[in-house]
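Beneath this line is the structure, given in structure tokens, with notes to follow.
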Amino acid sequence: MENNKEAIFAVGKQSVKLPMPIYIRASASVVGEKEGKGPLGEYFDMIGDDELFGCTNWEEAESTLQKEAVTLAMGKAGISKEDVRYLLAGDLLGQTIATSFGLKEFEVPLFGLYGACSTCGETISLGSMILGGGFAKNVVCVTSSHFASAEKEFRFPMEYGGQRPPCATRTVTGGGAFVLSTEKGSNPKALITGVTTGKIVDMGVKDSFNMGCSMAPAAADVIAANLRDFQRDPGDYDKIITGDLGEVGQKALFSLMEQRGFDITKNHMDCGMEIFDKGQKGTLSGGSGCGCAATVLSAYILKKLEEGEYKRILFVPTGALLNKTSFNEGQTVPGIAHAVILESCSTPL
């Protein structure tokens, strides 16, 4: 019996076809002032006018991003914390402290996850599989990042004022939350129909500022795996959307996909290139961080799916697996990416 189930739902080497409809029933996005002034500003649910969000330190501010996003998403879905079986959440800080301090008041069973900036894809993937396995009716997935807390965690204290090269990306101050459910509700945003789990890919990049090039190989690997496992071409997706490669990483991705025999130049989008205007000071190659893909998915991409403009997309958050210790020891920057297939509820394929 179990082997038959695996044969039906395990697709190819890395993918899963979900056994029942899994809905993104509602979502919410909370961002900082700079993100709110970018091209997607009108779509976000909440924009802070204070980067500390009324808190006393950067880490507490990031916890607030998660708490507010989850509260808003549950309110939109018309559910309470008693209706949520599991929280799946993560951030970029040591021991995921933005998550633990931000979500403790909900008193809901928690899976704390870390996939660097790919964590949004990881939480949604695992949440979908939990629902598909019949272990819950509702789960909430949430991720966050904060520019100042990330700079402090991975590079230098803000007071240092270090300069960053043009290939660098700016960590997005933002949190995105998603209510996943086996129940459609009154106005579902999208269907989750499949998942492709990524592998760690290390091409030897050592420049911690050039995260786009460290993550692009992992993105190419999981996109190619998804196309192979589901026997699809890039054109079968209205958009293939990466998380935060930025301008430099996008060029690397195009080259790596071309080497695999795929052309995604016509339907590729990168959340990090969408969230900021090129003229915004300090954004350089684009946006990054757990909050980048999460907020763009919640505020903008799901709207396109809900309206039927996109019928099927491949959502591919990307992550750079480094910290201060590995960098100071001269280690490389491995990458990872996770792919989620999202389809429109209004015009399903």
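Key figures
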{"item": "Qualifying residue in the stretch 105-122 (condition: more than 22 Å from Ser149 (Cα to Cα) and of a type in the set (Gly, Ala, Ser))", "result": "no"}
{"item": "Matching residues, the stretch 332-349, being in contact (Cβ under 8 Å) with a residue 60 or more places away in the chain and over 17 Å from the mean Cα position of the chain (by Cα)", "result": "Thr332, Val333, Pro334, Ser344, Cys345, Pro348"}
{"item": "Residue match in the stretch 144-156 (condition: at pLDDT 95 or above, of a type in the set (S, T, N, Q) and either outside any strand (DSSP E or B) or assigned by TED's automatic domain parsing to the domain that holds Gln250 (or both))", "result": "no"}
{"item": "Residue match in the stretch 73-83 (condition: among the acidic types (Asp, Glu) and part of a helix (DSSP H, G or I))", "result": "yes"}
{"item": "Filtered residues of the stretch 100-123 (kept if at positive phi and either aliphatic (A, V, I, L, M) or not assigned by TED's automatic domain parsing to the domain that holds Ser145 (or both))", "result": "Ala116"}
{"item": "Those residues of the stretch 122-143 which are assigned to a loop (DSSP other than H, G, I, E, B) and over 20 Å from Gly75 (Cα atoms), in sequence order", "result": "Gly133, Gly134, Phe135"}
{"item": "Condition met for Ala225 (in contact (Cβ under 8 Å) with a residue 60 or more places away in the chain, surrounded by fewer than 24 Cβ atoms within 10 Å (Cβ to Cβ), in contact with a strand residue (DSSP E or B) (Cβ under 7 Å, 6 or more places away or on another chain) and assigned by TED's automatic domain parsing to the domain that holds Leu321)", "result": "yes"}
{"item": "Sole exception among (1) touching an Asp or Glu at 6+ places or on another chain (Cβ under 7 Å); (2) modelled with pLDDT under 95; (3) outside any loop (DSSP other than H, G, I, E, B) for Pro39, by number", "result": "(3)"}
{"item": "Criterion (farther than 18 Å from Cys120 by Cβ and not in a loop (DSSP other than H, G, I, E, B)) met by exactly one of Lys17, Lys13, Lys67", "result": "Lys17"}
{"item": "Residues that are in contact with an Asp or Glu (Cβ under 8 Å, 6 or more places away or on another chain), modelled with pLDDT of 95 or more and of a type outside the set (Ser, Thr, Tyr), drawn from the stretch 103-131", "result": "Leu113"}
{"item": "1 or more residues in contact with a helix residue (DSSP H, G or I) (Cβ under 6 Å, 6 or more places away or on another chain) and not small (Gly, Ala, Ser): qualifying helices (runs of 4 or more DSSP H) within the stretch 234-311", "result": "246-259, 271-274, 290-296"}
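The values are calculated or read from the model by the stated rules, or taken from the named source; none is laboratory data. All figures in this text were calculated on a predicted structure; none of them were measured in a lab. Don't worry about glycine lacking a Cβ; one is built from the backbone with ideal geometry, like all the others, and counts go over all protein chains shown.
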